[in-house]
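All remarks here apply to the structure that follows.
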Ligand SMILES: *Cc1c(COP(=O)(O)O)cnc(C)c1O
């Protein structure tokens, strides 16, 4: 069933990218595996997915140690400063950088490990108190500060739209994140590029792709409802 779900998602990625005149290969499906067991993650790996998104460091650590090589892991959940050290060897990207304080800790710990961590700045595009991320008016100054840190490299922006039953209503939020990226780029030194926009989940990834997503984070549509 997981393999079928993935096949269907691939088709939908292809269709929505084509509709927007985009190359479907520009779009990476990040399989969100929080609360999903190792056996199911293996099924997804066998079906060709190799990037998984996790929300909790300890949970990720256990799964990664069981699954070994063959997959890459992105941290997509709220990351506490005291967990940064443990997260450095686990993840190839941290998508949820929402403060300078957190970025500095990543810089410190990655630097100490001789690593450069790729990150995305999480933007609270819906201005929801329940969600993490910086306000859109703070992204430029945060980026400016982070770009001078060692051991950390910003690759783009991540955002979550508010939940609507009608997925069409999320479109303005995704447009906002893309416009923010495009605007900010004009103010940054030329050696900084922000190629990635991580936006879109099970309920709204097609709209996100039409609006420029390069990463979609999909859990439920791959693994089923989380219990
Ligand atoms: C859980 C989660 C997702 C996936 O949500 P689904 O609706 O299950 O696809 C995506 N992004 C983040 C940050 C999440 O926490």
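FYI, it's all coordinate maths here, none of it is from the lab. Remember, predicted model here, so these are calculated numbers, not experimental data. Every residue, glycine as well, gets a Cβ built from its backbone with ideal geometry; the counts of neighbours run over all protein chains shown.
Applying the set (1) away from the ligand (no atom under 16 Å from the Cβ); (2) in contact with a helix residue (DSSP H, G or I) (Cβ under 8 Å, 6 or more places away or on another chain); (3) without any contact (Cβ under 8 Å) to a residue 40 or more places away in the chain; (4) part of a helix (DSSP H, G or I) to residue 181 leaves exactly one unmet item: (2). If the condition is being within 12 Å of the ligand (Cβ to nearest atom) and out of contact with any strand residue (DSSP E or B) (no Cβ under 8 Å at 6 or more places or on another chain), then the stretch 189-219 contributes 203, 204. Among the conditions (1) within 16 Å of the ligand (Cβ to nearest atom); (2) part of a helix (DSSP H, G or I), the only one that residue 141 does not satisfy is (1).
Being assigned to a loop (DSSP other than H, G, I, E, B) and within 14 Å of the ligand (Cβ to nearest atom) is the filter here, so list the residues in the stretch 24-67 that pass it. First the steps, then the outcome.
Let us first name the residues in the stretch 24-67 that are assigned to a loop (DSSP other than H, G, I, E, B), namely 27, 33-37, 47-50, 55-56.
Selection gives 33, 34, 35, 36, 49, 55, 56.
Among the numbered conditions (1) in contact with a strand residue (DSSP E or B) (Cβ under 6 Å, 6 or more places away or on another chain); (2) more than 22 Å from residue 191 (Cα to Cα); (3) away from the ligand (no atom under 16 Å from the Cβ), the only one that residue 110 does not meet is (2).
Of all residues in the stretch 146-163, those satisfying the criterion of being surrounded by 12 or more Cβ atoms within 10 Å (Cβ to Cβ) and in contact with a helix residue (DSSP H, G or I) (Cβ under 6 Å, 6 or more places away or on another chain) are 146, 149, 151, 152, 154, 157, 159, 161.
Of all residues in the stretch 114-138 being part of a strand (DSSP E or B) and in contact with a helix residue (DSSP H, G or I) (Cβ under 8 Å, 6 or more places away or on another chain), which is nearest to residue 75 (Cα to Cα)?
Here the residue is 119.
Taken over the stretch 85-107, the criterion of being away from the ligand (no atom under 14 Å from the Cβ) and touching a helix residue (DSSP H, G or I) at 6+ places or on another chain (Cβ under 7 Å) is satisfied by 85, 86, 87, 88, 90, 100, 101, 102, 103, 105, 106.
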